[in-house]
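The values are calculated or read from the model by the stated rules, or taken from the named source; none is laboratory data. Just so it is clear, the model here is predicted, and its values are computed rather than measured. A quick note on method: Cβ atoms are made from the backbone with ideal geometry, for glycine too, and the neighbour counts reach across all protein chains shown.
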Amino acid sequence: MTSNKQNLKKKNRTKFIDALTDYDLEISSNSISEKSREFCLSDGRSYFKTQINYRPLDHEPLFHFPMLFNKEGSPWYEGNQFLLSIALDHSFEYTPLKIARKASALLDYQMWCEENDVQMFNYSARRPKNRPSYRYFSYLLNEGKSAGNLNTRTKLVYDFTCYFSSKYQIDKDRIDKVTDVQKNYSSKTGETYKKKLKKRSQTKARNNSKPSVDDSLVLDDGEYLKPLGEDQQKILFKHIKSSSFNVDERLIFQFAVDTGARKQSILTLRLKHLEHFKPENLKTDGTYEINAGQGCLMDSKNSKNITIKVPSYLAENLKIYANSKAAKKRRKLFIQKYGNIFTDPNEIYVFLGKRGDCRYMAKSDPRFSSTRTPPSGGSIQTIVNRLFKVLEKENEGNHIPSDFTFHWLRATFAYNLYLHLLPLVDAKKMTYSDQIAFIQNALGHDDPSTTENYLKLFTSENVLEEMQETWEERLFQKSAFDLV
């Protein structure tokens, strides 16, 4: 038996394979059939590869696939085989980050079993509480894990044990008690329907009570946002336009407040989109339309297909920036680092960092599937943090709420749009339903009730007091940035 001092720590018990191509091979510490072939390592250890012939004809490499090891350093056969089965399951959207999370949670379970002398496939105990999965469930409860975290971990243990139930002759009913339940759902049209689900006993009830929420916030696709009033916008834009921020940073903020687009759409804007900004493509309302979502170069939340209206003045500013020396230098750095990875050179991103890296990696980026942790817009928070430092230095920090996030600019766009349309509604030139439909289309909401949440917020007394003008003839003609 290897001493504890020689046992590998968790961080050393996971190795990532850059690109796993031979995933029709089982890797094990012992020979498992006549097809097994032994391979020796430089340190004297060896492992076996066994051909199992289930590779699909159109297979792609599994990038950054995690391989788990036992405490003494040998490959953990069951853990690796189970992770591979997940990776090859068509219902699982494989990304290096998702599979790494499952690997980490599965390794936590193995290490818990080791530390507590639990035989993970021994379910012979008469009382359920003495069986591995139930003991682990009790341990997680005592650890105070959140319902979501705990349920995810116990589900992984349940699936893992069921996967090997035949091999170890385990009755699945002994792993967990699973019952059929029916849950009521409501459709977007208000119709109710029932759905049959499986419920495990080793779960923790979620707290479904709605938390108290500031009535100045609006719920948009699961996120609470708050629009900035006109005075707050003036202060924000005054500083974003100052020398403390670069031109591209200003344009990112301007894009958000003048279109309502989310950061994943803004940061995946390409030079190819700028080619569309020509007089013949200009709409009668003074905007250009670009598409985002599934099958598009520009990303969207949940890959939903949406159309983003880009005002002509913003389009011109974007083209000027794209042709600047600073932008060209960043694109050159990008190509030096990654080569000409795009089929069309103009598919390169408009907004790149100073070192030539993209701020958000689009799903259509050729590197996406092979990148362990694709950039997801974290640099935007850095800009926001710098903004607060500037506000504090200028003694204006109290004008912008401390919980302000970049995403609030989406609600700010909706607020400005509402103010623009309000005179038309008051003059009965536009109905309330038309107003909802207009804002719903601009924000890309599937459900009009989401848009109605905005209007309920905007018509509250505290917001009405902030209205100093009607914004007539401003929308798509003049940027909110031009308030200052």
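Evaluate the following for residue 209: is it of a type in the set (Gly, Ala, Ser), at pLDDT 90 or above and over 17 Å from residue 411 (Cβ atoms)? No. Against the condition over 30 Å from the mean Cα position of the chain (by Cα) and modelled with pLDDT under 95, how does residue 75 come out, does it pass? Judged against the criteria, residue 75 is a match.
Scanning the stretch 149-180 for residues that are of a type in the set (Val, Ile, Thr) and touching a residue at least 24 places away in the same chain (Cβ under 8 Å) turns up 152, 154, 157, 161, 170, 175.
Total residues in the stretch 38-71 satisfying the condition of being surrounded by 12 or more Cβ atoms within 10 Å (Cβ to Cβ) and modelled with pLDDT of 80 or more: the figure is 11. Of all residues in the stretch 224-261, exactly one satisfies the criterion of being basic (Lys, Arg) and at pLDDT 95 or above, namely 250.
Here are some residues: 286, 356. Which one is surrounded by 12 or more Cβ atoms within 10 Å (Cβ to Cβ), over 20 Å from the mean Cα position of the chain (by Cα) and modelled with pLDDT under 95?
286
Beta carbons closer than 8 Å, at least 6 apart along the sequence or on distinct chains, pair a first residue in the stretch 378-391 that is modelled with pLDDT under 95 with a second that is surrounded by fewer than 14 Cβ atoms within 10 Å (Cβ to Cβ) for 388/402; 390/242.
Consider the stretch 359-386 and keep the residues that are surrounded by fewer than 17 Cβ atoms within 10 Å (Cβ to Cβ), within 21 Å of residue 100 (Cβ to Cβ) and of a type in the set (Ser, Thr, Tyr). The one that is farthest from the chain's Cα centre (by Cα) is 370.
The residues of the stretch 94-112 that are outside any loop (DSSP other than H, G, I, E, B) and in contact with a helix residue (DSSP H, G or I) (Cβ under 7 Å, 6 or more places away or on another chain), listed by number, are 99, 102, 103, 105, 106, 107, 109, 110, 111, 112.
Residues checked against (1) under 29 Å from residue 207 (Cα atoms); (2) surrounded by fewer than 13 Cβ atoms within 10 Å (Cβ to Cβ):
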{"residue": "123", "(1), (2)": "no, no"}
{"residue": "136", "(1), (2)": "yes, no"}
{"residue": "148", "(1), (2)": "yes, yes"}
{"residue": "153", "(1), (2)": "yes, no"}
{"residue": "156", "(1), (2)": "yes, no"}
{"residue": "168", "(1), (2)": "no, no"}
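Restricted to the stretch 233-262, and to residues there that are buried (at least 19 other Cβ atoms within 10 Å of the Cβ) and among the polar types (S, T, N, Q), the residue that is nearest to residue 292 (Cα to Cα) is 259.
Whether any residue in the stretch 326-343 is in contact with a helix residue (DSSP H, G or I) (Cβ under 7 Å, 6 or more places away or on another chain) and either of a type in the set (Ser, Thr, Tyr) or outside any helix (DSSP H, G or I) (or both) is what I want to check. No, because not a single residue in the stretch 326-343 is in contact with a helix residue (DSSP H, G or I) (Cβ under 7 Å, 6 or more places away or on another chain) and either of a type in the set (Ser, Thr, Tyr) or outside any helix (DSSP H, G or I) (or both). Close Cβ contacts (under 6 Å, 6 or more residues apart or on different chains) running from residues in the stretch 99-122 that are without any contact (Cβ under 8 Å) to a residue 24 or more places away in the chain to residues that are crowded, with 19+ Cβ neighbours inside 10 Å comprise 113/120; 118/132. Residues in the stretch 135-167 that are part of a helix (DSSP H, G or I) and of a type in the set (Ser, Thr, Tyr): 136, 138, 139, 152, 154, 158, 161, 163. Residue 303 satisfies every condition listed in (1) farther than 17 Å from residue 267 by Cβ; (2) touching a residue at least 40 places away in the same chain (Cβ under 8 Å); (3) of a type in the set (Gly, Ala, Ser) except (1).
Within the stretch 58-93, the residues that satisfy the criterion of being part of a loop (DSSP other than H, G, I, E, B) and either free of Cβ contacts under 8 Å to residues at least 60 places away in the same chain or touching a Phe, Trp or Tyr at 6+ places or on another chain (Cβ under 8 Å) (or both) are 58, 59, 70, 74, 76, 88, 89, 90, 91, 92, 93. Scanning the stretch 357-377 for residues that are without any contact (Cβ under 8 Å) to a residue 24 or more places away in the chain and among the charged types (D, E, K, R) yields a single hit, 357.
One line per residue, one yes/no per condition, for (1) assigned to a loop (DSSP other than H, G, I, E, B); (2) at pLDDT 80 or above; (3) more than 23 Å from residue 316 (Cα to Cα); (4) in the same structural domain as residue 377 (by TED's automatic domain parsing):
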| position | (1), (2), (3), (4) |
| --- | --- |
| 424 | no, yes, yes, yes |
| 437 | no, yes, yes, yes |
| 441 | no, yes, yes, yes |
| 445 | yes, yes, yes, yes |
| 467 | yes, no, yes, yes |
| 470 | yes, no, yes, yes |
| 476 | yes, no, no, yes |
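So in the stretch 72-104, with the set limited to residues that are hydrophobic (A, V, I, L, M, F, W, C) and surrounded by fewer than 17 Cβ atoms within 10 Å (Cβ to Cβ), which one is nearest to residue 367 (Cα to Cα)? Working first, answer last.
Step one: filter the stretch 72-104 for residues hydrophobic (A, V, I, L, M, F, W, C), giving 76, 82-84, 86-88, 92, 97, 99-100, 103.
Still in the list and also surrounded by fewer than 17 Cβ atoms within 10 Å (Cβ to Cβ): 88, 92, 97.
Numbers: 88: 20, 92: 19, 97: 14 Å.
If we take residues in the stretch 72-104 being hydrophobic (A, V, I, L, M, F, W, C) and surrounded by fewer than 17 Cβ atoms within 10 Å (Cβ to Cβ), then 97 is nearest to residue 367 (Cα to Cα).
Within the stretch 296-314, is there a residue that is surrounded by 16 or more Cβ atoms within 10 Å (Cβ to Cβ), out of contact with any Cys (no Cβ under 6 Å at 6 or more places or on another chain), over 30 Å from residue 421 (Cα atoms) and not acidic (Asp, Glu)?
Applying the first criterion (surrounded by 16 or more Cβ atoms within 10 Å (Cβ to Cβ)) to the stretch 296-314 yields 296-301, 306, 308-314.
Now restrict to residues that are out of contact with any Cys (no Cβ under 6 Å at 6 or more places or on another chain): 296-301, 306, 308-314.
Applying the additional criterion that residues be over 30 Å from residue 421 (Cα atoms) yields 296-297.
Next, only the ones that are not acidic (Asp, Glu) stay: 296-297.
So far as the stretch 296-314 goes, yes, one or more of its residues are surrounded by 16 or more Cβ atoms within 10 Å (Cβ to Cβ), out of contact with any Cys (no Cβ under 6 Å at 6 or more places or on another chain), over 30 Å from residue 421 (Cα atoms) and not acidic (Asp, Glu).
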